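The values are calculated or read from the model by the stated rules, or taken from the named source; none is laboratory data. Note that the structure is predicted; figures quoted are calculated from it, not measured. Reconstructed Cβ throughout: ideal geometry from the backbone, glycine too, with neighbour counts over all protein chains shown.
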Amino acid sequence: MNVIVICLDTMRADIIGEGQRLSHVQTPSMDQLARQGVVFDRAFGEGQPTLQARRSFFTGMRCFPWRFNEDRRGAWHHAAGWHKIPAVHDTIAERLVRHGYYTGLITDTHHMFKPTMNYWRGFCSWEHVRGQVDDHWRGGTRAMIEPLIRELVREPIDWERHLVLAQYLLNNRDRRSDDDYLPARVFGTASRWLEDNHTNGPFFLWVDGFDPHEPWDPPAHYAERYQSGYDGINFIWPGTQGPEATEDEVQHLCANYFGEVTFVDHCIGRMLETVDALGLWDDTIIVLTSDHGTQILDHGGLGKGPSNLRPYNTGINMVVRHPDGPRGEHVPGFVQAHDLPATLLEMLDIPAELDGRDFWPLVTGEADSIRDHVVIGWGDWSNGRARGRASVRDDEWSYVIGTGYEDETPELYDLTADPTEDHNVIGEHPDAVALQRRRLEAVMGQPLPGEHAEMCTRDVTAPAHQCRKARIATRGEY
């Protein structure tokens, strides 16, 4: 049995399928995949955001609590959990190689390739599609991108504030058609990998698309499906619009996100056409998942982060299409990111002892649940110490509190009376708070607020990042 996993970054879990809060967003390819498979309606991350989530996916081991002091030199990102895969954890790719699988990784998620990282472990072939965000791929000067950036931000241009956006524009300044955009390049590369390797069976292909992560920068005609007639600044990054933004400008940001999602869906559809042309449906498990979501004006915000651990941020997509069915089913039980390796390995009759749990018994009816609550950590850092916030969620309550520091603003939401988590009732239900605290402390192995083992410091040298700042400070160039 072959396996294809499609992992998207910053893809909300309430878009795919009918009846979702954002089901007006056009995702015909992913909708069709959901109709052909099983949708897990309460899937959540384990450790978040980006690298933490992928470590959960790749190893089936918990990332939270933050407990590994791995080398971060040159990584220029220091959130808790933001590091390579520990040597003591086998990856699913390594396990599958040992059982005769030909493994491949296709991705533009550049964080996996920063100095000291090792996320290609176990992959017989891998391709890093260059050009995302602050991937230091192409150099240049301000003059090369000044006309481009003037379309995206307010005047006067604050070049230092927009360092990451400037690097992204340098990387992508030669785009001429939709096929030059990163999602098209990623899924086009995945299609070629399938054409080259579909007879090298069994195979395992992980396709990791960084979009719809910001910048929300689809070909313009995709955004125009959600907002027509806009002729203002083309804001593509939440926060660049500023507090003076008009309603039209904010809606344009949302339209760009929706357009990005639809464009990604189109690119996935083209890859699935390759699956069809190669006749792979009958012997291939296909999984669609994501690392986390983002706010799209929920509670008035845009973007994501540890300050807001509601489901539009912490929820993930989890759609599994198995050749033997079932089709179009929805499963309500809790599942988490680190359950995916355990589930796939069990399907393939490969034994493994992991933190994650096989969730397929929820589909076959052998189990009603594999857990009665989920614990989710979102990495952060402060003063050289690992920290973050954690969410403990069950059928009745959502509890959120900081870890690694004294959090003066913990949260508790009554999900029965307040399913959208609008009203913090932390002072009204001490028994619920006590229960959720015990569950979190059990995962952490110590009383709250606890102290995480990881050290996170900004003193680590990051040459590319420092050079980028130096160019602006000294020569007025990018």
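Kindly indicate whether any position in segment 53-70 is more than 14 Å from ILE85 (Cα to Cα), among the β-branched types (Val, Ile, Thr) and touching an Asp or Glu at 6+ places or on another chain (Cβ under 8 Å). Looking for residues that are more than 14 Å from ILE85 (Cα to Cα), among the β-branched types (Val, Ile, Thr) and touching an Asp or Glu at 6+ places or on another chain (Cβ under 8 Å), one finds none in segment 53-70, hence no. Confirm whether ASP108 is within 18 Å of the chain's Cα centre (by Cα), farther than 14 Å from ARG121 by Cβ and acidic (Asp, Glu). Yes, satisfied. Among the residues of segment 361-372, those that are in contact with a strand residue (DSSP E or B) (Cβ under 6 Å, 6 or more places away or on another chain) and not polar (S, T, N, Q) comprise LEU362, VAL363, ARG371. Listed by first and then second residue, the pairs with beta-carbon distance under 7 Å, at least 6 apart or on different chains, first residue in segment 337-349 and in contact (Cβ under 8 Å) with a residue 24 or more places away in the chain and farther than 14 Å from ASP291 by Cα, second among the aromatic types (Phe, Trp, Tyr) and surrounded by fewer than 24 Cβ atoms within 10 Å (Cβ to Cβ), are MET347/TRP360.
Evaluating ASP174 against the criteria (1) among the charged types (D, E, K, R); (2) within 21 Å of LEU272 (Cβ to Cβ); (3) loosely packed, with under 14 Cβ neighbours inside 10 Å leaves one unmet condition, (2). HIS338 meets the conditions (1) within 19 Å of the chain's Cα centre (by Cα); (2) at positive phi in every case but one. The failed one is (2). All of VAL400, VAL425 fail the test of being touching a strand residue (DSSP E or B) at 6+ places or on another chain (Cβ under 6 Å), modelled with pLDDT of 95 or more and assigned to a loop (DSSP other than H, G, I, E, B), apart from VAL425.
In segment 355-369, the residues that are closer than 20 Å to GLU46 by Cα form Cβ pairs under 7 Å with partners that are of a type in the set (Asp, Glu) and outside any loop (DSSP other than H, G, I, E, B), at six or more places apart or across chains, as follows: GLY356/ASP339; ARG357/ASP339; ASP358/GLU346; PHE359/ASP339; TRP360/GLU346. Right, ARG185: part of a loop (DSSP other than H, G, I, E, B) and under 20 Å from TRP216 (Cβ atoms) or not? Against the criterion (part of a loop (DSSP other than H, G, I, E, B) and under 20 Å from TRP216 (Cβ atoms)), ARG185 does not qualify. One residue stands out among those in segment 185-218 that are of a type in the set (A, V, I, L, M, F, W, C) and more than 18 Å from the chain's Cα centre (by Cα): the one that is nearest to PHE58 (Cα to Cα), which is PHE204.
Checked against the criteria, ASN200 counts as touching a residue at least 40 places away in the same chain (Cβ under 8 Å), more than 21 Å from THR294 (Cα to Cα), in a loop (DSSP other than H, G, I, E, B) and not hydrophobic (A, V, I, L, M, F, W, C).
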